[in-house]
Amino acid sequence: MKEGRAAVVAVVRAALLVAVVSYIMPELAWLALRLVEGGVIDVGDFMMVLVKSVVLIVFYSVVVKIVKAAVGKRDAWSSFWVFVTALIVLYVTGLVREALGFTAPPQLWFLTIIGRVCTGLAYVAIGMGIVMTLFTGFLAYLLGPRHRKVRPWNLPIPRLPPFPLPPPGWTRRPTRTPVPPVSPGSRRVKAGAEGWGSVSELLKARIPCIDVHGHAVPMGGRRFVVGEGLARLVKGFPLLNAECSLVGCGGWGCVYACRVEGGSLVALKLHRVLVPVLEGGSEWVEAPTLPESLVRGVRSEVEAVKRLRHPNMVRLIAYSEVAPLVIYEFVEGGSLRKYLTRFRGDVKSVALLGVQVGDALRYMHSRGLVHGDVKPGNILVTKEGFVKVGDYSSVRKLLEVTSMTREATLCTPGYCAPEQVFSDLRAKAAEAGMENRVDVYQLGNTLLEALTGEVIDGVDAVRKPNAVRNALSKVSNPELRELLKEMLNPDPLSRPSMEEVIKQLITVLHA
């Protein structure tokens, strides 16, 4: 059956090929006669012939592809519908041909007859396919089970021969080596500075040199109660009557620690234009007029991170669709900057810090995102002593990173990667698909600052190679020094990926 369908399809393809050539030949004949009679060809006539030919070739190509699909069909009824579709498309193609007016010159009238004959052969071949599939389908219906469809669950189950019984006195040999009992005096190794477990354990392991006690974010000072004017900007979140205390302000806006219903704490991040709305409390009924650019910027940040879930990333809780206002989980320990002096010379703590931050960035890279502003101020510390990456205002998708100009760069001076400053390096990284190497450089800069207290800006990395060499000379561990040298390479194509960075940091932990 399959060979018969293949033969019919081959006939259809041959007939269609002859039909296409025969329909194009009359138009070419008209051009040839005008060239012989006048010595020139009108451009308009030539373009009309070209358009007609392209349209006809496209339509007939569709027919060929549809008919060709019948070869791979094992079901006769599927092949039947393929041939019916081919017949309909062939008929529509004929209507298009007639509408475009494919006619041969009177001197070459036989070309039109050849085209009609070839079209008739194509109709006959497709009709043969329809008849054949109908016949094979009806024959399979008569010879097969009439009232029972063949399904995987209806297939007969083969009967296996009975398993022979073991001889008398046979005992089964153990397949595993017995585990020796644990002595009462043995000590279990904990995930920490003494013994490192799997990567998932490292992500939630306490960094030894960090002690959050006494360094938590202060909740004192003046308190503000969220009024109706601000609460109505966030739908679906109980923000009304929440008590908020100012944590700090930056160039974009301010962050407040707010205690909502149930006693839980959240971090309220809002633009400066909304600060009077919060601090005014219930006196504000309507929010002030907001520029569209502010709302668009927050919407871009939210769209990038609202589906991200990672233990070392600050989680987005709620946001406003009409105002520059975002609510994140509250991290008690504040930013990493206040703990940096404790990392001096502590290779294990720096390596664990790099694993936790690096895995969060690796997770973002796997989602097609780039953070673009990794620094100690954007890394937060929990009360348990591990870190979370935050501040997503600089997060961009990979395609958006390639289109950023130097003025639009959102990195912090001192922590910028070279490609965030020099456009030729940015174009080089974009062409190679390595835009996320920006985060690799900035993570290396953060680890270098934790170890030595120095940072290497992208400008200095390119123009002052000795600055990088002198800073790395202060790193005592040779493996970590070599890794930082690769991460701070001015050429983004020469830096390792975030996965490679994490593997080498784990090697440093096990050393």
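The values are calculated or read from the model by the stated rules, or taken from the named source; none is laboratory data. Since we're looking at a predicted model, the values are computed, not measured. Every residue, glycine among them, receives a Cβ derived from its backbone with ideal geometry; neighbour counts consider all protein chains shown.
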Only one of (1) buried (at least 21 other Cβ atoms within 10 Å of the Cβ); (2) free of Cβ contacts under 8 Å to residues at least 24 places away in the same chain is not met by Pro478, so which one is it? (1)
Would you mind telling me which numbered condition in (1) surrounded by 14 or more Cβ atoms within 10 Å (Cβ to Cβ); (2) modelled with pLDDT of 70 or more; (3) of a type in the set (Phe, Trp, Tyr) Phe46 fails? (1)
State whether one or more residues within region 277-298 are under 30 Å from Asp457 (Cα atoms), touching a strand residue (DSSP E or B) at 6+ places or on another chain (Cβ under 8 Å), of a type in the set (Gly, Ala, Ser) and not in a strand (DSSP E or B). no
Check whether at least one residue in region 348-356 is basic (Lys, Arg), in a helix (DSSP H, G or I) and modelled with pLDDT of 90 or more, and report yes or no. yes
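Looking only at region 409-451, count every residue that is under 25 Å from the mean Cα position of the chain (by Cα) and of a type in the set (A, V, I, L, M) and tell me the total.
To start, the set of residues in region 409-451 that are under 25 Å from the mean Cα position of the chain (by Cα) comprises 409-411, 416-420, 423, 425-444.
Those left that are additionally of a type in the set (A, V, I, L, M): 410, 417, 425, 427, 429-430, 432, 434, 438, 440, 443.
Going through region 409-451 one residue at a time, the tally reaches 11.
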Restricting the search to region 481-511, which residues are crowded, with 21+ Cβ neighbours inside 10 Å and among the basic types (Lys, Arg)? Arg495
The condition from (1) closer than 24 Å to Gly433 by Cα; (2) surrounded by fewer than 23 Cβ atoms within 10 Å (Cβ to Cβ); (3) out of contact with any Lys or Arg (no Cβ under 9 Å at 6 or more places or on another chain) that Val374 misses is numbered (2)
Of residues in region 237-271 being surrounded by fewer than 18 Cβ atoms within 10 Å (Cβ to Cβ) and either in contact with a helix residue (DSSP H, G or I) (Cβ under 7 Å, 6 or more places away or on another chain) or among the basic types (Lys, Arg) (or both), the one modelled with the lowest pLDDT: Leu240
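Is it the case, given these coordinates, that Leu274 is part of a helix (DSSP H, G or I), buried (at least 22 other Cβ atoms within 10 Å of the Cβ) and modelled with pLDDT of 90 or more? Can you show your working first?
Working: part of a helix (DSSP H, G or I): yes; buried (at least 22 other Cβ atoms within 10 Å of the Cβ): yes; modelled with pLDDT of 90 or more: no.
Against the criterion (part of a helix (DSSP H, G or I), buried (at least 22 other Cβ atoms within 10 Å of the Cβ) and modelled with pLDDT of 90 or more), Leu274 does not qualify.
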Based on this model, can you work out whether Val440 counts as in a helix (DSSP H, G or I) and either touching a helix residue (DSSP H, G or I) at 6+ places or on another chain (Cβ under 7 Å) or buried (at least 16 other Cβ atoms within 10 Å of the Cβ) (or both)? yes
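When you go through Val84, Val117, Val67 one by one, which is the residue that is surrounded by 13 or more Cβ atoms within 10 Å (Cβ to Cβ), at pLDDT below 75 and farther than 20 Å from Leu31 by Cβ?
On the way: Val84 fails: at pLDDT below 75; Val117 fails: at pLDDT below 75.
Going through Val84, Val117, Val67 in turn, the sole match is Val67.
Looking at region 481-498, is at least one residue part of a loop (DSSP other than H, G, I, E, B), hydroxyl-bearing (Ser, Thr, Tyr) and either touching a residue at least 12 places away in the same chain (Cβ under 8 Å) or more than 30 Å from Gly250 (Cβ to Cβ) (or both)?
Of region 481-498, the ones part of a loop (DSSP other than H, G, I, E, B) are 488-491, 495-497.
Those still in the list that are hydroxyl-bearing (Ser, Thr, Tyr) too: 497.
Remaining after also requiring either touching a residue at least 12 places away in the same chain (Cβ under 8 Å) or more than 30 Å from Gly250 (Cβ to Cβ) (or both): 497.
Yes; the residues of region 481-498 include at least one that is part of a loop (DSSP other than H, G, I, E, B), hydroxyl-bearing (Ser, Thr, Tyr) and either touching a residue at least 12 places away in the same chain (Cβ under 8 Å) or more than 30 Å from Gly250 (Cβ to Cβ) (or both).
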